[in-house]
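The values are calculated or read from the model by the stated rules, or taken from the named source; none is laboratory data. Just so it is clear, the structure is predicted and the values come from calculations on it, not from any experiment. Note that each Cβ is placed from the backbone with ideal geometry, even for glycine, and that neighbours are counted across all protein chains shown.
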Amino acid sequence: MRTLTHKVDFCVVGGGLAGMCAAIAAARKGIKVALMHDRPVPGGNCSSEIRMWICGAHEENNLETGIIEEIQLENLYRNTYPSYSIWDSILYEKLRFEPNITLLMNCSCNDAVMDGNRIVSVKGWQLTSETWHVVEAASFADCSGDSILAPLSNAQFRYGREAMAEFDESIEPETADDKTMGMSCLLQVRETGSPKEFIPPEWAHKYKTCAELPNRHHVVEGGQNFWWLEIGGEQDTVHDCEEIRDELLKITFGVWDHIKNHCDDKDKHANWIIDWVGFLPGKRESRRYIGDHVLTQNDVRAGGPFDDIVAYGGWSMDDHHPAGFRYPGKPTIFHPAPSPFGIPYRALYSKNVENLFFAGRNISASHAAMSSTRVMATCAILGQAVGTAAAIASEYGLSPRGVYQQKIGLLQEQLMLDDCYLPGEKRTLTELTAAARLTASAGNPEMLRTGVDRPVGTESNAWECRCGDHVQFSFDVPKSIETLRLVFDSNLNREIKNMPSYYKVEELKYTPPDTLVKDFRIEYQDEAGAWHTAVEYTGNHQRMVKVPLNIKAMALRLTPLSTWGSDPIKIFACDLM
């Protein structure tokens with residue numbers, strides 16, 4: 001056994017989507033990051049070990065963008081015939097090959113050294129290499145879901161459901177308790193070309209009639225991913241996890257036995273087989289930190305109009321019954337929530353540990369609010385907000401709270417520049433973009449200068465054109481242009497999930513959204529009036545593209561040449577930097 005020490009600016013514990021986006025965002029801002037994750041693959045609940053699809057805000061044009069959109073578009077481009085091995089590899093490479101990230105996989109955080117109310121270092125055991133890893137950092141982010149740094153640092157946290165009266169939350173019980181939402185071992189199945197038998201293990205539970213599965217729709221169709229195979233909310237979802245897992249497996253194999261051998265609709269499933277069963281439970285709820293603000297049901301219902309908005313939610317307040325599968329009624333209640341609603345920065349750092357951020361399902365929120373903010377697309381943009389804040393804290397020598405007090409506007413500007421939508425906010429245009437004369441061969445080019453990079457309500461906020469049209473930025477004197485930032489249309493209303501929940505005989509094929517610009521040309525005019533091609537960009541499959549130019553120009557012209565299938569074209573931003 002050995003001990004290795006890593007000295008970085010920012011340490012993230014937990015490599016689900018929140019932790020991934022926190023680490024990537026901070027690293028891309030130029031600071032040194034260590035990510036400690038206790039599993040062999042990143043992604044948390046969306047990884048091949050758990051296989052929950054990525055959910056987020058409802059309603060039109062509310063799809064989460066930024067790093068999470070980058071990851072999902074990469075998957076649509078490369079994971080042509082969707083495979084979880086390809087999906088895992090995409091998540092892995094985003095961390096492993098980011099230059100400023102030290103990636104510590106299979107490493108379980110189990111200790112922290114404190115100096116007063118500051119974390120000095122954390123320590124993790126890496127099973128695969130028999131190595132202790134000690135990470136010293138200026139700031140830390142707990143994105144572990146279970147908030148492992150809370151008991152290790154004495155950070156304040158909550159567990160269970162608040163009493164209705166504490167925050168005047170109508171959907172909470174009258175008396176506070178330690179009950180939570182449970183966890184699930186998901187089931188994936190595959191259709192074959194002929195009937196297949198299923199012999200259940202002797203230890204599986206027996207469900208001989210459909211009446212034994214009340215309110216649990218168990219036909220493989222639509223979006224069936226067996227999320228309702230859930231228990232644990234009446235136990236301790238942290239310390240009783242192994243016991244809960246054992247019971248979940250008995251339930252899961254028993255339910256499939258029912259579907260194959262006893263169900264009224266068993267003939268529909270004659271050709272179906274088990275493709276995979278999760279042996280690592282996917283958790284919904286455990287410890288939740290207390291920050292400078294606790295997000296509540298009333299904040300959600302009011303739409304979250306916070307001055308320090310850094311992310312948004314939009315999933316219903318989806319409150320699963322603590323008894324889960326053992327409860328005969330409907331397994332969850334979808335309490336209405338507006339979409340989108342704002343989430344404040346003050347809910348993303350500790351109230352009493354000076355250098356501790358957090359992101360994911362463990363943010364500072366009541367049980368009611370958390371039932372909405374816990375879904376993974378929301379967790380991802382929370383992570384990007386935290387990683388960006390950590391980079392600002394490092395640059396200016398600030399605590400997480402200091403970023404709120406002194407640099408919240410800068411944090412919001414950087415998030416929007418990195419394609420994170422903040423409802424109600426507008427991105428400040430760069431000086432070059434604002435000062436240029438703007439013309440186009442078709443459409444209204446001024447829509448590129450709205451400072452909003454998606455449709456909102458009746459406003460398209462897009463320059464609409466066709467392949468071969470161009471937009472031109474012109475100046476009276478030559479200007480140095482280092483980078484061109486482009487935001488294309490990735491169809492923020494697409495319904496396809498990051499991965500399928502089951503596999504039919506007919507092959508499912510993924511492709512980039514047909515609305516995305518695939519090929520484009522950037523030209524510039526020199527001081528003598530001559531035009532030159534700066535870049536001929538082919539095969540683009542991303543929504544936000546930053547093109548390095550390093551030119552001096554009197555004018556710059558963008559011409560979209562082709563898309564992945566759609567014409568006309570929408571472009572939301574073309575920023576000269």
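The single condition among (1) on the phi < 0 side of the Ramachandran plot; (2) surrounded by fewer than 24 Cβ atoms within 10 Å (Cβ to Cβ) that residue 424 does not satisfy is (1). Spot the failing condition for residue 398; the list is (1) touching a residue at least 24 places away in the same chain (Cβ under 8 Å); (2) part of a loop (DSSP other than H, G, I, E, B); (3) of a type outside the set (Lys, Arg), and only one is missed. For residue 398, the failing item is (1). Here 434, 442 are screened, and the one residue that is part of a loop (DSSP other than H, G, I, E, B), among the aliphatic types (A, V, I, L, M) and surrounded by fewer than 21 Cβ atoms within 10 Å (Cβ to Cβ) is 442. Cβ separations smaller than 6 Å between residues 6+ apart or across chains give the following pairs from segment 103-117 residues that are without any contact (Cβ under 8 Å) to a residue 12 or more places away in the chain to residues that are assigned to a strand (DSSP E or B) and aliphatic (A, V, I, L, M): 113/120. Residues in segment 321-336 that are part of a loop (DSSP other than H, G, I, E, B) and touching a Phe, Trp or Tyr at 6+ places or on another chain (Cβ under 7 Å): 321, 331.
Of the residues in segment 456-467, none is buried (at least 16 other Cβ atoms within 10 Å of the Cβ), assigned by TED's automatic domain parsing to the domain that holds residue 514 and without any contact (Cβ under 8 Å) to a residue 40 or more places away in the chain.
Contact map, segment 218-236: first residue outside the structural domain of residue 191 (by TED's automatic domain parsing), second residue surrounded by 19 or more Cβ atoms within 10 Å (Cβ to Cβ), Cβ cut-off under 9 Å, separation 6 or more or different chains; the map is empty.
Filtering 369, 377 for residues that are crowded, with 24+ Cβ neighbours inside 10 Å, farther than 24 Å from residue 72 by Cα and in the same structural domain as residue 400 (by TED's automatic domain parsing) leaves a single hit, 369. Between 273, 259, 290, the distinction of being within 30 Å of residue 170 (Cα to Cα) and at pLDDT 95 or above belongs to 290 only. Hey, any hits in segment 161-183 for a residue that's within 30 Å of residue 277 (Cβ to Cβ) and exposed (fewer than 15 other Cβ atoms within 10 Å of the Cβ)? Yes, the conditions are met somewhere in segment 161-183. Per the conditions (1) touching a residue at least 60 places away in the same chain (Cβ under 8 Å); (2) surrounded by 15 or more Cβ atoms within 10 Å (Cβ to Cβ); (3) of a type in the set (Lys, Arg), the sole criterion not satisfied by residue 552 is (2). Condition check: in a helix (DSSP H, G or I), assigned by TED's automatic domain parsing to the domain that holds residue 311 and in contact with a Pro (Cβ under 9 Å, 6 or more places away or on another chain). Does residue 27 satisfy that? Spelling it out, residue 27 is indeed in a helix (DSSP H, G or I), assigned by TED's automatic domain parsing to the domain that holds residue 311 and in contact with a Pro (Cβ under 9 Å, 6 or more places away or on another chain). The residues listed here are 293, 258; of these, the one that is crowded, with 19+ Cβ neighbours inside 10 Å, touching a helix residue (DSSP H, G or I) at 6+ places or on another chain (Cβ under 8 Å), assigned to a helix (DSSP H, G or I) and not β-branched (Val, Ile, Thr) is 258.
Only one entry in 299, 307, 319 is charged (D, E, K, R), touching a residue at least 60 places away in the same chain (Cβ under 8 Å), buried (at least 19 other Cβ atoms within 10 Å of the Cβ) and more than 22 Å from residue 146 (Cα to Cα), namely 299. Selection of strands (runs of 3 or more DSSP E) fully inside segment 475-577 by the criterion of at least 2 residues being out of contact with any Leu (no Cβ under 6 Å at 6 or more places or on another chain) and hydroxyl-bearing (Ser, Thr, Tyr) returns 531-537, 544-563. When segment 165-204 is examined, which residues are found to be among the aliphatic types (A, V, I, L, M) and touching a Phe, Trp or Tyr at 6+ places or on another chain (Cβ under 8 Å)? Once the filter is applied, which keeps residues that are among the aliphatic types (A, V, I, L, M) and touching a Phe, Trp or Tyr at 6+ places or on another chain (Cβ under 8 Å), segment 165-204 yields 186, 187, 189, 204.
You will find that of 63, 91, 103, 76, the residue that is outside the structural domain of residue 279 (by TED's automatic domain parsing), at pLDDT 95 or above, in contact with a Lys or Arg (Cβ under 8 Å, 6 or more places away or on another chain) and not in a strand (DSSP E or B) is 63 and no other. Does residue 279 meet the test of being part of a loop (DSSP other than H, G, I, E, B), of a type in the set (Phe, Trp, Tyr) and within 20 Å of residue 411 (Cα to Cα)? Taking the combined requirement at face value, the residue does not satisfy it. If the condition is being under 30 Å from residue 507 (Cβ atoms), assigned to a loop (DSSP other than H, G, I, E, B) and among the basic types (Lys, Arg), then segment 186-244 contributes 196, 216. One residue stands out in segment 1-18 among those that are within 18 Å of residue 391 (Cα to Cα) and among the aliphatic types (A, V, I, L, M): the one that is surrounded by the most Cβ atoms within 10 Å (Cβ to Cβ), namely 12. Taking the numbered list (1) in contact with a Lys or Arg (Cβ under 6 Å, 6 or more places away or on another chain); (2) farther than 20 Å from residue 51 by Cα in turn, residue 305 passes all entries but (1).
Annotation note: of 562, 490, the sole residue that is farther than 30 Å from residue 314 by Cα, touching a residue at least 60 places away in the same chain (Cβ under 8 Å), surrounded by 13 or more Cβ atoms within 10 Å (Cβ to Cβ) and within 31 Å of the chain's Cα centre (by Cα) is 562. If you go through segment 472-527 and pick out every residue that is of a type in the set (A, V, I, L, M, F, W, C) and either farther than 24 Å from residue 556 by Cβ or touching a helix residue (DSSP H, G or I) at 6+ places or on another chain (Cβ under 6 Å) (or both), you end up with 5.
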